[in-house]
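Take a look at the structure below.
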Amino acid sequence: MAPRVLVDATAVPADRGGLGRYIDGLLPALAAAGADLGIACQRPDADRLSRLAPAATVLPAPSNISHRPERLAWEQEGLPALAQQIGADVIHCPFYSMPAASPVPVVVTIHDASVFHNPEYYADERAEFYRRATRSSLELAARFLVPSRATRDELVRLFDADPARVDVAYHGIDTTMFRPPTDAERDRVAQRLGLHGMPYVGSLGEMSSRKNIPELIRGWVLAASEMDEPPALVLAGSSTPDPAVLEAVNEVPSGLRLVRPGYLRAGDLPGFMGGATVMVFPSRSEGFGFPTLEAMACGAAVLIARRLSLPEVGGEAAAYTEPDADCIARNLKRLLEDGERRRSLSEAATARSKLFSWSSSAQIHLETYARAAGLASTNEASDPSSARHQAG
């Protein structure tokens, strides 16, 4: 007998981001697997989530919880009350925090532990939320889900967490959105970016020190300055008022082309990532690495830092670098000058990305819910190295 699960999607921000991709990918896969779902959400998300999981009971939360303090206050009392109302056997809190008192077992997703080993990359208020929520959940939750072995190992190392209570469920990929682009799609994006056939190095995500963007900019400058026809650097995604990023931008020589288009339209992402000569993700700390997987699914040759979860995603289908500017420059230049290596990585990346599916992730989630509810053995391996989930 499968447990009835209340998934709390109220933490998904308006711009959706990584948490939005997690919820948007997981819920349809859970529904397709026959999960008995209730979904708590922000009111503007109710129609969207009803379409993603038509058989689920979608429960809009009060309209006054759009800001974090009000949402966290509602989570403490409103979420447990909702669980009782629908007869839930388990609550799944997919973003670090959980109610201190719950009538049923709670499963919490902890996406990464970077706030503990790289606190300098977080604003004080944000850092305090992650620290407090992580510590509290590790004490109170029945079980935990993490998106990589690296995150599991960090929880064990930092908090002496019981690894038998931590289940690794890699994220999946939306293969309808992220796929190798057509030539027309590549050309369209290049025209919109004003590149007009100019080759480019790309990156996608949060433009911040946390993602190591200053060192990426400096590494690209070092590599491109030695080339007769230097590629542009296109940094797409959310911008933050990060002084270190602005300082690196201001250091770019006038002869090189740096493009910062902000957010790209979803339909332009395959053309952008698949059209790049190289996509680079040199983050020092990742719990999973959605953009890396998405770029691989688009057939990009990717260069990533050999840090935490990124090698679990890239495997042998990615090129690697240390996260400092000199190493980035050396490895980027090597890739830019080796077309055969890029073609080989592109083919391997497309194939490897297919190992990451939301259906496999959903199955591990369902097993975790059953264990939390006492409906399945807790002695089964929580490592995703079975034939179902070979990506690791």
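The values are calculated or read from the model by the stated rules, or taken from the named source; none is laboratory data. Note that the coordinates shown come from a computational prediction; the quantities given were computed from them, not determined experimentally. No Cβ is skipped: glycine too gets one built from the backbone with ideal geometry, and neighbour counts run over all protein chains shown. Just so you know, the surface numbers come from the protein's heavy atoms only, side chains and all, with ligands and any DNA or RNA stripped out. Shrake-Rupley method; radii C 1.70, N 1.55, O 1.52, S 1.80 Å.
General observations
- Largest accessible area first, the listed residues 218, 260, 306 line up as 306, 260, 218 when surface is computed with a 1.4 Å probe on the assembled protein chains.
- Peptides 134-140, 266-272, 4-10, ordered by how many other C-beta atoms sit within 10 Å of their residues on average, highest first, read 4-10, 266-272, 134-140.
- Using a probe of 1.4 angstrom and keeping all protein chains present, the accessible surface of region 39-107 works out to 46 square angstrom per residue.
- Within region 253-267: backbone nitrogen closer than 15 Å to the residue 196 label point (7 Å, Cα to C-beta): 257
- Measuring r between the beta carbons of residue 175 and residue 316 and using R0 = 22 Å, the FRET efficiency lands at 0.60.
- Cα-based radius of gyration for region 13-127, normalised by 2.2 N^0.38 Å, reads 1.11.
- A straight line joining the Cα centroids of region 320-363 and region 211-251 runs 19 Å.
- Applying both filters, DSSP loop and at most 16 other Cβ atoms within 10 Å, to the GluC sites (Glu not before Pro) of region 236-322 gives 251.
- With the Kirkwood sum run over all distinct C-alpha pairs, region 59-215 has a hydrodynamic radius of 18.8 Å.
- Normalised per residue, the accessible area of region 267-357 is 32 Å², obtained with a 1.4 Å probe and no contribution from ligands, DNA or RNA.
- For the chain, adding -39500 (n - 2.57) for each run of n ≥ 4 DSSP H residues and dividing by the number of residues yields -13000 deg cm²/dmol at 222 nm.
- Region 185-283 - Rg over Rh from alpha carbon coordinates, Kirkwood radius: 0.94
- Helical segments meeting 18 Å axial Cα length and Kyte-Doolittle 0.5 threshold in the chain (DSSP H): 17-32
- Note on exposure: 211, 354 ranked by accessible area (1.4 Å probe, complete protein assembly) read 354, 211, with the most exposed listed first.
- If you wrap the tightest convex hull around every Cα atom of the chain and split its volume per residue, you get 131 Å³.
- Apolar share of the accessible surface for the chain: 49 percent from carbon plus sulfur atoms, 1.4 Å probe.
- Sparse-neighbourhood loop sites, GluC sites (Glu not before Pro) in region 13-122 - DSSP loop, at most 11 other Cβ within 10 angstrom: none
- Shape of region 187-228, Cα gyration tensor, a/c cut at 1.5: oblate
- The Rg/Rh ratio for region 282-359, using Cα coordinates for both the radius of gyration and the Kirkwood hydrodynamic radius, is 0.96.
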